[in-house]
Amino acid sequence: MKYTEDHEWLRIEDDLIVVGITEHAATQLGDIVFVELPEIETQTAKGDEVVVIESVKAASDILAPIDGEIVEVNEALTDNPALVNEDPTGEAWFFKLKVDDTSVVNDFMDEDEYKALID
Amino acid sequence: MSDLTELALANLHLELGARMVPFAGYNMPVQYPMGVMGEHQHTRTKAGLFDVSHMGQVLLQPKGSIEDTARAFEALMPVDVLGLAEGRQRYGLLTNDAGGILDDLMFANRGDHFYVVVNAGCKADDIAHMQAHLSATCDVVPVTDRALLALQGPAAEAALSAIVDVSGMRFMDSVNMASDYGDLWISRSGYTGEDGFEISVANTQAEAFARALLSAEDVAPIGLGARDALRLEAGLCLYGHDITQETSPIEAGLTWAIQKARRSGGDRAGGFPGAKRILQELTQGPARKRVGLRPEGRAPMREGTALFAGDTPIGTVTSGGFGPTVGAPIAMGYVDAAYAEPNTQITGEVRGKRLPLTVSPMPFIQQTYKR
């Protein structure tokens, strides 16, 4: 698993890049009460606001970490936003991106580097 | 570096794992490890302890009779002060000449003086305002050596009664009680919609007192985050958001706070700042009203969300978020009076999309005050 400075995680699965938020981010946001997912088959560019996530405290955006096409979204989060707090790095993935070359994930931080960032 | 005032309980909050944030010039606990949702539910089902020492505690100490002080205080508020019995507390509103609200407050008749609690963000202005207008009849004395704690929820009475017997108190009673932690100034009131108490305790005794309350199994510390969600579910106004210098008490739906004696035809009608507008709105109805709002779906509608009927702008959300007990987003805001009836369907603009919401009665939860 790789990590962005925006506290997202990326992992490769069947030639797609799966994106979610880290446990650290979920804890900081607090109890999640609403998730708005993007349309599938959307082309996104790195930095686009693709997901809206609201906690009891405030709304935040999740940015596309890389250019790609959103091919799948995790509908389970719409009905059960609390899943983000319960299992942020497992069940509560947000979307899957189709990219030209999945090796782009290697540009991101590994676990040790990310831990150093949040400590 | 920091100009923030530290609470008397600062060390206890850190020990309890609080996340601290600046609020109204104070370093305040916004949440504890339980989290906003858990703290909210804990308060509704058991009891929560809130540190609200940032709020302003003020004594009005009469130079002559307490009646003279009451009459002078009535000249600042559209509220019956003179008719408040000893040992009772009442909700009050300081108004301005335009009929807007300078602050909302609680005041109690303590026999030989009034005890007033005002909002943290307004307290310097409130004290100056009261000193400017009341000094002929009373001394306006800020209380700076006492903490203020709120204990709220169904288990509050039992937890506090382990220290002092409060079982005989009714909603809005206000008493002084001697205790192992010195004199406690206790009122049966709060800001959550739950039965509960607000307790003023000397700073020097505050930590020991708070620890004694927290030692009860049912009592947990609760931060500002949950406090805001609790008061929103209870339909209670947050000053600076739901009521301001621009909103009148009638627009705000606080007509109940204006007793008969101060209304047209009453014994002491008018005679408070903004009386013309306020009494006129009372008989003719205001142009806009504060209402409860229930967004459909799950998307919260936060403060500032623009409200529409068709394409016509009709108002704005002033407080909004998720109601943990309601289990859905809730909000309050101002709409043109024509759209203020419960069950009126309107829309709110969230991230460029107009989403449906329904005007709803408040409170959103059942209040459990011990009347």
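Values quoted throughout were computed directly from the atomic coordinates according to the rules given, and no laboratory measurement underlies them. Just so it is clear, the structure is predicted and the values come from calculations on it, not from any experiment. Note: ideal-geometry Cβ built from the backbone for every residue, glycine included; neighbour counts use all protein chains shown.
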Fill in the blank from the handout: So for R0 = 22 Å, FRET eff. of residue B:68-residue B:143 from the Cβ-Cβ r, to 0.05, ends up at 0.55
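Counting every Cα pair in the protein assembly as shown, what percent are over 43 Å apart? Write down the numbers at each step before the final one.
Numbers: 28117 of 119805 pairs.
Of all Cα-Cα distances in the protein assembly as shown, 23 percent exceed 43 Å.
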Exercise for the section: Over all alpha-carbon pairs of the stretch B:162-205, lay out the pair-distance distribution in 10 Å bins, whole %, shortest bin first. Expected result: 28, 55, 17
Handout entry: As computed over the stretch B:288-371, the Cα convex hull volume per residue (Å³)
Key = 93 Å³
Completion exercise
On the formula 1/(1 + (r/R0)^6), with r taken between the Cβ atoms of residue A:58 and residue B:59 and R0 of 41 Å, the FRET efficiency rounded to 0.05 is 0.60
Problem - Size of the stretch A:2-100 as Cα extents on the principal axes (Å, biggest first) - result: 37, 24, 22
Problem - Cα-projected label distance for residue B:343 with residue B:24, points at 7 Å along beta-carbon direction, nm - result: 3.9 nm
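Rounded, prolate or oblate for the stretch B:173-305? Axes are the square roots of the Cα gyration tensor eigenvalues, ordered a ≥ b ≥ c, and the cut-off for rounded is a/c under 1.5.
Numbers: a/c = 3.10, a/b = 1.45, b/c = 2.13.
Oblate, since a/c reaches 1.5 and b/c is not below a/b.
Work out, in µm²/s and without decimals, the Stokes-Einstein translational diffusion coefficient of the stretch B:1-123 at 20 °C, 1.002 mPa s, Rh from Kirkwood over C-alpha pairs.
127 µm²/s
For residue A:23 and residue B:214, FRET efficiency with R0 = 35 Å and r from the beta-carbon atoms, rounded to 0.05? It would help to have the intermediate numbers written out before the result.
Working: r = 28 Å, r/R0 = 0.81.
Efficiency, rounded to the nearest 0.05: 0.80.
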Completion exercise
Between residue B:353 and residue A:45, the two model label points (7 Å from Cα along the beta-carbon direction) sit apart by a distance in nm of 2.3 nm
Problem - Set of lysines with alpha-carbon distance to residue B:370 below 19 Å, sequence-local pairs under 8 removed - result: B:46
Completion exercise
Ranked output for segments B:333-342, B:143-152 by mean other Cβ atoms within 10 Å, highest leading, reads B:143-152, B:333-342
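State the volume of the convex hull built on the alpha-carbon positions of chain B, expressed per residue in Å³ and rounded to an integer. If you can, show how the numbers build up before the last one.
Working: hull volume 52.7 nm³, N = 371.
For chain B, the hull spanned by Cα atoms encloses 142 Å³ per residue.
If we count other beta carbons within 10 Å of each Cβ, what is the order of B:73, B:23, B:322, fewest first?
Details: B:73 26, B:23 15, B:322 29.
So the ranking, lowest neighbour count to highest, is B:23, B:73, B:322.
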Fill in the blank from the handout: In units of 2.2 N^0.38 Å, the Cα radius of gyration of the stretch B:143-250 is 1.14
Practice task
Please work out how much length the chain gains when fully extended from residue B:158 to residue B:276, using 0.36 nm per residue of separation minus the C-alpha to C-alpha distance, in nm with one decimal.
Solution key: 37.8 nm
Practice task
May I ask which of B:123/B:289; B:123/B:276; A:57/A:98; A:57/B:123; A:46/A:96 have a Cα-Cα span longer than 23 Å here?
Solution key: B:123/B:289; B:123/B:276; A:57/A:98; A:57/B:123
Completion exercise
Taking 0.36 nm per residue of separation between residue A:86 and residue A:99 and subtracting their Cα-Cα distance, the length gained on full extension comes to 1.8 nm
Handout entry: For the stretch B:83-179, the fraction of alpha-carbon pairs in successive 5 Å shells from zero, as %
Key = 2, 10, 17, 23, 20, 13, 8, 5, 2, 0
Exercise for the section: As a check on your grasp of the helix formula, calculate [θ] at 222 nm for the protein assembly as shown: sum -39500 (n - 2.57) over DSSP H runs of n ≥ 4, divide by the residue count, round to the nearest 500. Expected result: -5500 deg cm²/dmol
Fill in the blank from the handout: Expected integer from the mean partner chain Cβ neighbour count at 10 Å over A:50-58 is 5
